[in-house]
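FYI, it's all coordinate maths here, none of it is from the lab. Bear in mind that the values here come from a model prediction, so they are computed numbers and not experimental data.
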Amino acid sequence: MPELTEKQKELRIIRFRKIIKYRSLFGWLFSFVGAALFVVGIDNDFAPLVMLNGFLFFGYGLFMVWQAKNELKKLRRSRRVP
């Protein structure tokens, strides 16, 4: 595989940052939808499958946000060290 130029590296980093930003945004969206599903499950006579689905959506959304924050930290740390 040929070595990447500095311009190509910068473009890949910019694209990766954009992907991380959208992953964090969708993580918050998933968490919101999961919480709403959980509440709907409680309102419908404690429907267990809807509540479980809401809980899993909420957890996965928070996991996505956590992953995005960790990747941003790694990216910042790698840019400081030559």
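Residue by residue through the stretch 23-35, what is 3J(HN,Hα) from phi via Karplus (6.51 cos²θ - 1.76 cosθ + 1.60, θ = phi - 60°)? Round to whole Hz and write x for glycine and proline.
My calculation for the stretch 23-35 gives 5, 5, 4, 5, x, 5, 5, 4, 5, 5, 5, x, 5 Hz in order.
What are the ³J(HN,Hα) values, in whole Hz, obtained from phi via the Karplus relation 6.51 cos²θ - 1.76 cosθ + 1.60 with θ = phi - 60°, for each residue of the stretch 3-20 in sequence order, with x given for Gly and Pro?
These are the phi-based 3J(HN,Hα) values: 5, 7, 7, 4, 5, 5, 5, 4, 5, 5, 5, 4, 5, 5, 4, 5, 4, 5 Hz.
Rounded, prolate or oblate: which fits the stretch 1-47 when a ≥ b ≥ c are the square roots of the eigenvalues of the alpha-carbon gyration tensor, with rounded for a/c under 1.5 and prolate only if a/b beats b/c?
prolate
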